[in-house]
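Okay, structure first, notes after.
The values are calculated or read from the model by the stated rules, or taken from the named source; none is laboratory data. Only a predicted model underlies this, so the values are computations on that prediction, with no experimental measurement involved. Reconstructed Cβ throughout: ideal geometry from the backbone, glycine too, with neighbour counts over all protein chains shown.
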Amino acid sequence: MSTFVHMEASLIVLKVDLPKWTSMPKFRSMGWQSRMSTSGVWTSMSSLISYKGGREEHDSISKVAVLSFFLPNCSQSSSQSEIYSTHLEMLAFVQINALLWTDLLAAYAMWMTMAYLTDAWKLNLKHAAAIVNLFWGMVAIMPVGLQFVVDTFMGYYWMVLLSSFSYIAGLGFLSMSTPPDLAAATATCSAYDPECIGQGQKILFFTAFALIAVGFSGHLVSVPQFMADQDSHSNRRDSSLRHLVISFMVIHVPIVGAFAIYYIKPWSMRYGIPAICTLVATLIFLTGSCSYRTYRPYGSPLTVLFRVFVASASKIFQKHPRDSSHLYERRDDYYLIPHTRRLRCLDKAAIILATQPLQQQENNSWRLCRVTEVEETKSVLCMIPICMTLILIGVVSSIGTSFCIEQATHMNHEVGRITVPLPILVWFYTLAKQLFGKLNFQIAELTRYGPRIGIAVSMIFGILCSITAAKVETRRLGVVKSHGLINKPEETVPMSMFWLLPQFLLLGGLEGIAESSIDSFLVKQVPPSIDPCMVRFCVAFLGVGSIGGVLSVYVVGEISGQGGKPSWFQDTLNKSRLDNYYWTLAALSAANLVLYVLVSFWYAYKDSRLEDYETAELFDEDHVQLI
């Protein structure tokens, strides 16, 4: 990379073979980490060849990318034009980032919902945890469908707008569902008690949850990619300035706001302030609508999967040809995947019927698919066993948004004479997630086995997190009993909430390592055309784990209550035995680790050495010309 940075030229033209470019591991956008922002050179390259998150803007075999550098011999008019373009990009950057700021505020507000359900609604522990886990599970699952809608129909701009409106409505309804807001209209009391929460408020609450989940998922799908579409500048000094803006405005401003929200006691205000901020941010976003770069939908990789399933089902009674070379493939195409003998039932999608002219069959892509498309579908299906082992990671991760928050709410928040807000634990969790994720990514790139080992390490973190949580909860229950607080759930337990810090750090490490490892794993094992699809699928499996946490709590509660014994999950936290549940999660996580190792040995790994060779070949001198 430094070879390009230090070239003494004001203009470089690279003739890039697009398939090789999109197969390069370091430049394939995987959803969790941006690989095109290593320097201004790569940022400019990505925008000029219009490679956005796996999207191919053009169909020709080779593309020409023109990279402009800021050198002393640049003309004055060129500099003025570039400065003006930079200002426009920075303005769009701020307008779009306003939505991300409100996302963080809303996320902190939603993190506190467990406490709201147990304190104001007086729901039992199982019921409140089920609502919260279902919400976060849907936030992780819905991007699969929303990404398909974006790629096929709407485009990123309209998804940003739709999800923002959903956000506004959801947060507004959530604020209105609190007792004080509708007390006069519903003729109920205004206190935060179950008697003051009527049927109308409950309907508003659950409607709000659905709308907020759509808003969250829509922003996850559209905002980062839409922001990347606005970036076409290659000035490294500009990137440094932008990095400073990100560090201060995108990180510090929302965190300060989130900490401030914690000190606002009325729940109507805690939910109302993010609603107002989201409305303002959406209006700011709309002011730049005429200047944003937008692209037409380019089609979804899921469509290819559906076509292969339909085509193979339509030829279910056809016999396989003896030679795979008789299967349909466009040999002159620039992107080919060789045929494999796994899942041969799908090969029928590429069978050429002798009863119809080939040209007629080619015109109907739902009846005849290429071998490459069939192999892409096989790659997705073969990933399912490994993805299934990710579900339990989601189950362990779900305790961070439910039980851990409930524990911390009723523990001592004081450090000396200072009262520390609860979001500090969430901040440490986020910090650990980022640090462990970056560290794991650097280590995983050193060896071809790195991603596989990383996923196993994340499962070990899950085991350690569950064990730590169990031991801390055992200690907390001991303090509760010694101070006679078993029947006083509203009282503060005289035990510092920082006892929970290790499990929050382990949770952050668990998610950071898991996401980074899955990212690297997909880069090396999945064809580039279905990268975005598989990223969403893997995140969805983690979301299934969050929803699976609801089922695990119910099953464990039923089993533990057999034989006349008290269930581990009672109405309040002080009466429950969460420590036993955490020990159960530790045992299940250990069994899941063994299962992952077995599945990992069974999985037919793709050899990435050929891909690395092609990557090196891309930057051969024949592909670079100086003007």
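Mind checking which pairs have a first residue in the range 291-317 that is under 13 Å from Ser365 (Cα atoms) and a second that is among the basic types (Lys, Arg), Cβ under 9 Å, 6 or more apart or different chains?
Sorted first by the residue in the range 291-317, then by its partner, the pairs are Arg307/Arg367; Val308/Lys378; Val310/Arg367; Ala311/Lys348; Ala311/Arg367; Ser312/Lys348; Ser314/Lys348; Ser314/Arg367.
Inside the range 174-188, can you point out the residues that are surrounded by fewer than 16 Cβ atoms within 10 Å (Cβ to Cβ) and aliphatic (A, V, I, L, M)?
Result: Ala184, Ala185, Ala187.
For the structure I just gave you, tell me whether Phe541 is assigned to a helix (DSSP H, G or I), touching a Phe, Trp or Tyr at 6+ places or on another chain (Cβ under 7 Å) and at pLDDT 90 or above.
no
Of (1) at negative phi; (2) at pLDDT below 90, Gly563 satisfies all except one. Which?
Status for Gly563: all satisfied but (1).
Checking Leu485 against (1) surrounded by 17 or more Cβ atoms within 10 Å (Cβ to Cβ); (2) over 37 Å from the mean Cα position of the chain (by Cα); (3) in a helix (DSSP H, G or I), only one condition comes out false. Which one?
Result: Leu485 fails condition (3) only.
For (1) closer than 24 Å to Ile284 by Cβ; (2) out of contact with any Gly (no Cβ under 9 Å at 6 or more places or on another chain), each residue gets a yes or a no:
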site	(1), (2)
Ala98	yes, yes
Ala115	no, yes
Ile131	no, yes
Trp136	no, no
Met154	yes, yes
Ala169	yes, no
Thr178	no, no
Tyr192	no, yes
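Output the residue which, of all residues in the range 147-167 that are touching a helix residue (DSSP H, G or I) at 6+ places or on another chain (Cβ under 7 Å) and either assigned by TED's automatic domain parsing to the domain that holds Ile530 or crowded, with 22+ Cβ neighbours inside 10 Å (or both), is farthest from Ala228 (Cα to Cα).
Ranking the qualifying residues of the range 147-167, first place goes to Tyr167.
Could we say that Val594 is surrounded by 14 or more Cβ atoms within 10 Å (Cβ to Cβ), in the same structural domain as Gly484 (by TED's automatic domain parsing) and modelled with pLDDT of 90 or more here?
For Val594, the condition - surrounded by 14 or more Cβ atoms within 10 Å (Cβ to Cβ), in the same structural domain as Gly484 (by TED's automatic domain parsing) and modelled with pLDDT of 90 or more - is not met.
Restricting the search to the range 193-209, which residues are of a type in the set (A, V, I, L, M, F, W, C), assigned to a helix (DSSP H, G or I) and farther than 17 Å from Gly272 by Cα?
Across the range 193-209, the qualifying residues are Cys196, Ile203.
Which condition number does His339 fail, the rest of (1) assigned by TED's automatic domain parsing to the domain that holds Asp323; (2) touching a Gly at 6+ places or on another chain (Cβ under 9 Å) being met?
Result: His339 fails condition (2) only.
Of these, Leu435, Leu446, which one is under 19 Å from Asp519 (Cβ atoms), without any contact (Cβ under 8 Å) to a residue 12 or more places away in the chain and not assigned by TED's automatic domain parsing to the domain that holds Ala260?
Sole residue among the options that is under 19 Å from Asp519 (Cβ atoms), without any contact (Cβ under 8 Å) to a residue 12 or more places away in the chain and not assigned by TED's automatic domain parsing to the domain that holds Ala260: Leu446.
Quick check on the range 373-431: of everything there that is within 30 Å of Leu343 (Cβ to Cβ) and touching a Lys or Arg at 6+ places or on another chain (Cβ under 8 Å), which residue is surrounded by the most Cβ atoms within 10 Å (Cβ to Cβ)?
Restricting to residues being within 30 Å of Leu343 (Cβ to Cβ) and touching a Lys or Arg at 6+ places or on another chain (Cβ under 8 Å), the top hit is Glu373.
For the condition free of Cβ contacts under 8 Å to residues at least 24 places away in the same chain, out of contact with any Cys (no Cβ under 6 Å at 6 or more places or on another chain) and of a type in the set (Gly, Ala, Ser), what is the one hit in Ala354, Ala408?
It is Ala354.
For the range 334-446, list the helices (runs of 4 or more DSSP H) that sit wholly inside it and hold at least 1 residues that are modelled with pLDDT of 90 or more, under 23 Å from Met497 (Cα atoms) and touching a helix residue (DSSP H, G or I) at 6+ places or on another chain (Cβ under 8 Å); which are they?
391-398, 403-409, 423-444
In the range 462-475, which residues are surrounded by fewer than 24 Cβ atoms within 10 Å (Cβ to Cβ) and either of a type outside the set (A, V, I, L, M) or free of Cβ contacts under 8 Å to residues at least 24 places away in the same chain (or both)?
Thr468, Lys471, Thr474, Arg475, listed by residue number.
Out of all the residues in the range 68-124, which are modelled with pLDDT under 70 and of a type in the set (D, E, K, R)?
Result: Glu82, Glu89.
How many residues are in a loop (DSSP other than H, G, I, E, B), farther than 13 Å from Leu346 by Cβ and of a type outside the set (Gly, Ala, Ser) if we restrict to the range 285-327?
Final tally of qualifying residues: 14.
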